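Bear in mind that the values in this text are calculations on the coordinates, not laboratory data. Quick caveat: nothing in here was measured; it's all calculated off a predicted structure. Cβ coordinates were reconstructed from backbone atoms using ideal geometry, including for glycine residues, and neighbour counts include every protein chain displayed.
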Amino acid sequence: MIIQPRVRGFICLTAHPEGTAQHVKNQIEYVKSKGKIANGPKKVLVVGASTGFGLASRIMAAFGSDAATIGVFFEKPAAPGKPATAGWYNSAAFEQEAHAAGLYAKSINGDAFSDEVKAKTIELIKQDLGQVDLVVYSLASPRRTHPKTGVLHSSVLKPIGQPFTDKTVDFHSGVVSDITINPVESEEDIANTVAVMGGEDWKFWMEALKEAGVLAEGVKTVAYSYIGPELTYPIYRNGTIGRAKDDLEATVPVINDILKDINGVSYVSVNKALVTQSSSAIPVVPLYISLLYKVMKEKGIHEGTIEQMQRLFAERLYTADGQIPVDDKGRIRVDDLEMRQDVQEEVAKLWKEATTENLEEISDIVGYRNDFFNLFGFNFPEINYEAETNEVVNVPSITE
């Protein structure tokens, strides 16, 4: 079939198999260009491995460290006449590239919050790898069925305490407008968001893996977070999602205690603001990112997901001397370039100036839009989007 982008708000309803494969190949080529990490991981589990930072982590482990990888995700395969999700195509392309390079790569498709998927993952590790030496936790989901209680928790992206009014942009049309977001109405909304996006499931994963004996001596585990500038605090760091990130970070000492007898250690990595399916849904953030991209590209310090993960692995998690640099709260910071004072001062200045009329001139809204469509396999010059493509693509080593 011929597959073109069909967009509804911040979601693209279609994905292109050849375009997503190109996206994966581009990331692999970048990792290869940086050379191998001498003391990198060798057996890696990535929970949330099909898009964004999770996919980039898997690519980095495999092609930057020759690691065997198991990826866990929840994606929809194609049916005749109906494309798969982008994450499905990403995973198919990754496995094909990994296998061609002689690397072990298998995937599990299912609800990573469930005990069933955890058990399947443990069985696969026992059967094929014995133990893993790195666990990346990169789940992004709007809801979670709690495996112990059966309760369905749904997250909300809202401020806490008072309404928040500021600029936002429709990144498709480029229209800048003011938006007011009302605060959460109850503590239950906050608790539900924490239940979905906080650290409990990460802890459940590490407890289950430890109990099963599939964690190697000295295992590392990392989960991903974001802080951002003060202008996004009301909707992000001081809002419901920020409470969830606080909970994620507070889980680090809990997991460290779980892992102490095998000398394991856990970290939260604070990453840069990037175009993802999740960030596109948060009001204010697309405008901030489009301004940030403009400033960082002009300064020659812009990074995408794969550049971020390459730096995380090579310069933070697996340094030559074994020392892992962290901030005063024990967090790894690869948002350091974004949060540089000169960068933030310029973004704040542009923020005040931004209007519909001058947006194309003072921001990189074109780059934002392009990155958004890249997530779904579109806007790659190597691909002929007018040509027929086979929408039914299999992930070679899938367990469902």
- Item | Interchain or long-range residues, amide H under 5 Å from S225's placed H | S269, V270, N271
- Task: Please list the non-local residues whose amide H lies under 5 Å from the amide H of E75, H modeled 1.01 Å from N, same-chain partners needing a gap of 5 or more.
- Result: G110
- Query: So in the chain, what percent of DSSP beta bridges are antiparallel if you round to the nearest 5?
  - Reply: 30 percent
- Task: Identify the GluC sites (Glu not before Pro) of the range 142-245 meeting these criteria: DSSP loop state and at most 14 other C-beta atoms within 10 Å of the C-beta.
- Result: E185
- Item | For the chain: relative contact order, % (alpha-carbon pairs under 8 angstrom, 6 or more apart) | 24 percent
- Item | Net dipole in debye of the range 257-400 [+1 Lys, Arg Cβ; -1 Asp, Glu Cβ; about Cα centre; nearest 20] | 440 debye
- Note on the structure: Residue separation between S33 and A208 times 0.36 nm, minus their alpha-carbon distance, gives in nm 59.4 nm
- The pairs in K245/K299; K126/K220; K167/K245; K43/K120; K36/K294; K32/K76 lying past 20 Å Cα-Cα in this model are K245/K299; K167/K245; K36/K294; K32/K76
- Message: Roughly how far apart, in whole Å, are the Cα centres of the range 254-285 and the range 157-225?
- Response: 10 Å
- Just one of (i) 27, 61, 12; (ii) 27, 58, 15, 0; (iii) 28, 54, 18, 1 is P(r) over Cα pairs in 20 Å bins from 0, in percent calculated from these coordinates, so which is it? (i)
- Note on the structure: Ranked output for segments 260-273, 294-307 by mean other Cβ atoms within 10 Å, highest leading, reads 260-273, 294-307
- Query: In whole Å, how far is the Cα centre of the range 10-32 from that of the range 292-362?
  - Reply: 22 Å
- Message: If each DSSP helix of 4+ residues adds -39,500 (n - 2.57) and the sum is divided by the residues in the chain, what number results at 222 nm, nearest 500 deg cm²/dmol?
- Response: -11500 deg cm²/dmol
- Convert each backbone phi in the range 287-300 into a coupling constant with the Karplus relation 6.51 cos²θ - 1.76 cosθ + 1.60 (shift: θ = phi - 60°), then list the ³J(HN,Hα) values in order as whole Hz, x for Gly and Pro. 5, 4, 5, 5, 6, 4, 4, 4, 5, 5, 5, 5, 8, x
- Fewest to most Cβ atoms within 10 Å: L45, L129 sort as L129, L45
- Message: Let's see if you can work this out: charge +1 on each Lys and Arg Cβ, -1 on each Asp and Glu Cβ, no other charges. What is the dipole magnitude of the chain about its Cα centre, in debye to the nearest 20?
- Response: 560 debye
